[in-house]
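**Student:** Attaching a single structure in structure tokens format; questions to follow.
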Amino acid sequence: MLTHHSKKTEINPLTHDDQLKPKWTHLLFTVLLFSMSACQSTQPQNKAVKIADLFHDEMFMPVETVSIDDIYRLPEKFVAQFRRQFQADSTLRSQNVMANEWLAQYIGAQDGGFEYRDNVTRSASETVLNRQGNCMSLVVLSAALADALNVPVEFNDIDVEPVWDRRGGFYLVNGHVNLRLLPPRSNNTVLFRGTDVLVDFLPERSVRAYHKKTVNKRQLTSMFYNNIAAEALINTDYDTAYALVKKSIQLDPQHVAAINTLAVIYRHKGYEDEAEYAYRLALQIDSQDLTTLYNLALILGQQGRLDEWAQIHKVLEIARINNPFYYFDMAQQAYFDKQYQNALIWYKRAVDKADYRHEFYFGLSRAYWATGEERLAEKSLKRALALSDNSNKQRYQIKLQALKQN
């Protein structure tokens, strides 16, 4: 899911104190080749694809990679101590706190018990020692802990707005996964009084509005391998990246993002025919996947195949103008160019497209303030505060207080 772009073209004028970095935990590293955050696509069809022709082992040195079992394995001494702690916690157990609820409190993802690191994907054993990582690390650790207590789980792939990053000459857009700890089962029946518990860095209300897709452990593991393949690719370790992404695709042949990662590896090794083949195979699975379309368009443009490039570009342009972040980026640019009336127009369009984004209202507040509309500025800032997560609340509160004092 990565694509190299030698020139930074995305519009991101926020700097210093005003840089908003949404605290999404990062699952799928997807390197894209365009400036706007458009990532809208239909769900992939379950089409049979022939993946054997994707792989070219002869082009890479063999590399040992982490096994599936080792991804989820916890140290034996830790597991024994962990189970003893669960059994000994008489205070919680006397209050009829169920195993999944106790485990959620133990993990403490939203209470400082787990430190967020967006670019760190770790196995369960590494994560339990460091207590830090991204959303994939948190989900893998939680699944391993749940297995130790026989707590059933549900994995979810959350269709959040893309969050951009740039690392090692690559553009990345980061997705999100979380996990639900389900009530213990008795005789294959869920206990009536039990409730499931969300494990996420984010409050449940923050992700409730987004579409989610339940995935199985095999698919989640495919995502894990793709994550660490992308990290290896960023570090130009192509042999390791290839070995990891091959495992990812073998686990889930429908994983379009992993096929994109493989194609990017081929491109960086100079194998453009193999890269194009991979992109076109990904489009057989999901013909509207924008990552694939952008990356394929790059190859077509570089090879001067302009008729084919133009056909893809039409699809990408439609996706761009339907994306609220297109309007937000235009608003940001206008604001920092001191074209405040134009900024107001663009911010309002962004809000019309996605009225749940706190940064849109924050931008609108600044534009109103710059044009002398202090009452509307305060109103928009209050809305931004209401929608924001904990990482931005304090900053918004300070700015709101400053507005009231003026």
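The values are calculated or read from the model by the stated rules, or taken from the named source; none is laboratory data. In this text the structure is predicted, and so the values were computed from the model without any measurement. Positions of Cβ are generated from backbone atoms using ideal geometry, with glycine treated the same way; all protein chains shown enter the neighbour counts.
**Student:** I'd like to check something: does segment 288-300 contain any residue that is outside any helix (DSSP H, G or I), under 26 Å from the mean Cα position of the chain (by Cα) and within 30 Å of F360 (Cα to Cα)?
**Tutor:** Yes, that holds for at least one residue.
**Student:** So, D289, is that one assigned by TED's automatic domain parsing to the domain that holds K50 and either touching a residue at least 40 places away in the same chain (Cβ under 8 Å) or within 30 Å of S380 (Cα to Cα) (or both) or not?
**Tutor:** In short, yes.
**Student:** Sort through Y361, Y396, Y368 and tell me the only one that's farther than 21 Å from Y210 by Cβ, out of contact with any Phe, Trp or Tyr (no Cβ under 8 Å at 6 or more places or on another chain) and surrounded by 17 or more Cβ atoms within 10 Å (Cβ to Cβ).
**Tutor:** Y368
**Student:** Next question, about the same structure. Answer yes or no as to whether I249 is in contact with a His (Cβ under 7 Å, 6 or more places away or on another chain), at pLDDT 95 or above and not hydroxyl-bearing (S, T, Y).
**Tutor:** It is true that I249 is in contact with a His (Cβ under 7 Å, 6 or more places away or on another chain), at pLDDT 95 or above and not hydroxyl-bearing (S, T, Y).
**Student:** Condition first: out of contact with any Cys (no Cβ under 9 Å at 6 or more places or on another chain), surrounded by fewer than 20 Cβ atoms within 10 Å (Cβ to Cβ) and on the phi > 0 side of the Ramachandran plot. Can you find one or more residues in segment 317-327 that meet it?
**Tutor:** Among the residues of segment 317-327, not one is out of contact with any Cys (no Cβ under 9 Å at 6 or more places or on another chain), surrounded by fewer than 20 Cβ atoms within 10 Å (Cβ to Cβ) and on the phi > 0 side of the Ramachandran plot, which makes the answer no.
**Student:** OK, next. Residues in segment 371-386 that are within 26 Å of Y116 (Cβ to Cβ) and either buried (at least 19 other Cβ atoms within 10 Å of the Cβ) or of a type in the set (D, E, K, R) (or both): how many?
**Tutor:** Adding up the residues that qualify gives 4.
**Student:** Can you list residue pairs whose Cβ atoms sit under 7 Å apart, with the first residue in segment 229-242 being in the same structural domain as A257 (by TED's automatic domain parsing) and small (G, A, S) and the second being buried (at least 18 other Cβ atoms within 10 Å of the Cβ) and not in a helix (DSSP H, G or I)? Count only pairs 6 or more apart in sequence or on different chains.
**Tutor:** From residues that are in the same structural domain as A257 (by TED's automatic domain parsing) and small (G, A, S), the pairs are A230/M1; A230/L2; A230/F29.
Residues are listed down the side, and each one gets a yes or a no for (1) at pLDDT 90 or above; (2) of a type outside the set (D, E); (3) within 19 Å of V264 (Cβ to Cβ):
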position: F201; (1), (2), (3): no, yes, no
position: S206; (1), (2), (3): no, yes, no
position: T214; (1), (2), (3): yes, yes, no
position: Q219; (1), (2), (3): yes, yes, no
position: S222; (1), (2), (3): yes, yes, yes
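**Student:** Oh, and also: For segment 252-287, which positions are over 22 Å from the mean Cα position of the chain (by Cα), among the hydroxyl-bearing types (S, T, Y) and part of a helix (DSSP H, G or I)?
**Tutor:** Y266, Y277
**Student:** Go through (1) closer than 27 Å to D200 by Cα; (2) modelled with pLDDT of 90 or more; (3) over 27 Å from the mean Cα position of the chain (by Cα) one by one and return the number of the condition R383 breaks.
**Tutor:** Every listed condition holds for R383 apart from (3).
**Student:** Next question, about the same structure. Here are some residues: T261, T292, T240. Which one is more than 19 Å from D57 (Cβ to Cβ) and not aliphatic (A, V, I, L, M)?
**Tutor:** The match here is T292.
**Student:** Right, another one. State all residues of segment 122-157 that are assigned to a loop (DSSP other than H, G, I, E, B) and modelled with pLDDT under 90; if no residue qualifies, say none.
**Tutor:** Those that are assigned to a loop (DSSP other than H, G, I, E, B) and modelled with pLDDT under 90: R131, N134.
**Student:** Which of the residues spanning segment 232-285 are touching a Gly at 6+ places or on another chain (Cβ under 9 Å) and either more than 19 Å from L296 (Cα to Cα) or charged (D, E, K, R) (or both)?
**Tutor:** I234, N235, T236
**Student:** Do any helices (runs of 4 or more DSSP H) lying entirely in segment 305-403 carry at least 3 residues that are under 30 Å from R280 (Cβ atoms) and out of contact with any strand residue (DSSP E or B) (no Cβ under 8 Å at 6 or more places or on another chain), and which ones are they?
**Tutor:** Answer list for segment 305-403: 306-321.
**Student:** State which residue is farthest from K50 (Cα to Cα) when the search covers only segment 264-278 and only residues that are touching a Leu at 6+ places or on another chain (Cβ under 9 Å) and modelled with pLDDT under 95.
**Tutor:** H268
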